[in-house]
Amino acid sequence: MNVWELISGKQQYRNKPIGFVYLQRRSWVTDTYKLISVDNGKTYELYDLIKDPSEQKNIIENHSEVAAKMIKELNNWLKEIEGERAVIEASWK
């Protein structure tokens, strides 16, 4: 993904979801949804970034299929970056 194209408005969407992880926090973001966990994946919240850009209404109960798909994708991504993550987290200590 070219970040400049997003900033300049040439590209309005992501081609693929993007993941974030920091300490106990993790998230998986698509063009439409943001999945968040602040407790290392024990619980999750789901937000519709189009209808609720300020992320005020957790919609996970009404969109359990979307959440399940995103959790699976997030966990797969976390497995892919496991080695890199261990090295980075070790440097924080």
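Under 14 Å of direct C-alpha separation, and excluding same-chain neighbours fewer than eight residues apart, K57 reaches these aspartates and glutamates: E45, D48. Exposure proxy shown here: for W77, W28, the number of other Cβ atoms within 10 Å sets the order, fewest to most, as W77, W28.
Readers should treat all values here as calculations from the given coordinates under stated rules, not as data from a laboratory. This one's a predicted model, so the numbers in the text were calculated from it and none came from an experiment. Cβ sites come from the backbone with ideal geometry, for glycine too, and all protein chains shown count toward neighbours.
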